[in-house]
1. Can you tell me the accessible area per residue over the stretch 1-73, all protein chains present, probe 1.4 angstrom, in square angstrom?
2. So for the stretch 126-221, taking the charge dipole from beta-carbon charges (+1 Lys/Arg, -1 Asp/Glu), which of Thr212, Leu146, Ala156 sits furthest toward the positive end?
3. Report the extension gain between Glu133 and Tyr82 in nm, rounded to one decimal, defined as 0.36 nm multiplied by the number of residues separating them, less their alpha carbon distance.
4. How would Ile85, Ile76 line up by accessible area, probe 1.4 Å, largest first?
5. For the stretch 53-68, take each phi angle, set θ = phi - 60°, evaluate the Karplus expression 6.51 cos²θ - 1.76 cosθ + 1.60, and give the result in whole Hz per residue in order, putting x for glycine and proline.
6. What residues have an amide H closer than 5 Å to that of Asn199, excluding those fewer than 5 places away on the same chain, when H is modeled at 1.01 Å from N in the peptide plane?
7. In square angstrom, what is the accessible area per residue of the stretch 100-225 with a 1.4 angstrom probe?
8. Residue-wise, which Karplus ³J(HN,Hα) couplings in Hz belong to the stretch 209-219, taking 6.51 cos²θ - 1.76 cosθ + 1.60, θ = phi - 60°, and x for glycine or proline?
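The values are calculated or read from the model by the stated rules, or taken from the named source; none is laboratory data. All of these numbers come straight from a predicted model, not from anything done at the bench. Neighbour counts are summed over all protein chains in view; Cβ atoms, including those assigned to glycine, are modelled from backbone coordinates with ideal geometry. Accessible surface is based on the protein model in full, side chains and every heavy atom, while ligands, DNA and RNA are left aside. Shrake-Rupley method; radii C 1.70, N 1.55, O 1.52, S 1.80 Å.
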Amino acid sequence: MDFETLVNERRSIRGYKPDPVPREVIEEIIDIAKGAPSSMNTQPWHFHVVTGEPLERIRQGNTERNLAGVPAQREIPTHGAYQGIHRQRQVNVAIQLFEAMGIARDDKEMRQDWVMRGFRQFDAPVSIVIAYEKSLEPATICHFDLGAVTYGLVLAAWTRGLGTVINGQGIMQSPVVREHAQIPDDQVIMTCVAMGYPNENFAANEVKSTRTTNDDIIHYVGFGD
Ligand SMILES: Cc1cc2nc3c(=O)[nH]c(=O)nc-3n(C[C@H](O)[C@H](O)[C@H](O)COP(=O)(O)O)c2cc1C
């Protein structure tokens, strides 16, 4: 698959087959992903690959805490709700996903069910928690590096027939993840990636989210027009 096709075909996968992902395949994918550039070649990423019982315990803990109304406990600073054009883009993809899944706007129960699925990392057979060392804080550059490696990871997974969704929902209750994924005290949880073989009958997997026009985001200087 050429790079352009890979980028255009990849999309977030939110419905998985239960089939396990072989450890050798995960190893291969991480091997490719770690070719990402990083600030001064620091390679500040750590991958905690979780499956089976520990992942079930994370799903259960996330579900219980969210149903109990425990506020999110992220380990990196977040900015709260998106506003303006960012909020609009968030709403646009949610509309696409809900339409595909037949979830009506006013169907609170189904919407809640969808949110809870997210907290279960869409029942994927594998979750990769991506972390960096606390000693790197304030970690803005390191966040950049982890973003780069994570994109490499999801693209590499796609070339092996594996779907992924990068998700904040899975690590929103970080104490649960920290405990069951055995994250060392000197590391900070940045995000996680749910991974598995896509369920072809799960409608949301077909959703192709939209992108802005280049005019909205590119500023050319010195091109003479
Ligand atoms: C940092 C980050 C966090 C995300 N968190 C979630 C999440 O919690 N739940 C979810 O369903 N998707 C999550 N996503 C996936 C985005 O919604 C998705 O990438 C975006 O809508 C574009 O769609 P695409 O990946 O299909 O191109 C996240 C993506 C990123 C990069």
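1. Values: 4600 Å² over 73 residues.
Using a 1.4 Å probe on heavy atoms only, each residue of the stretch 1-73 averages 63 Å².
2. Of Thr212, Leu146, Ala156, it is Ala156.
3. 15.6 nm is the gain from fully extending Glu133 to Tyr82.
4. Ile85, Ile76
5. 4, x, 5, 4, 5, 5, 4, 5, x, 4, 5, 4, 5, 5, 5, 7
6. Distant-sequence amide H within range of Asn199: Gly15, Tyr16, Lys17.
7. Working: 6600 Å² over 126 residues.
Value for the stretch 100-225: 52 Å² per residue.
8. In residue order, the calculated couplings are 6, 8, 10, 5, 6, 4, 4, 6, 10, 10, 10 Hz.
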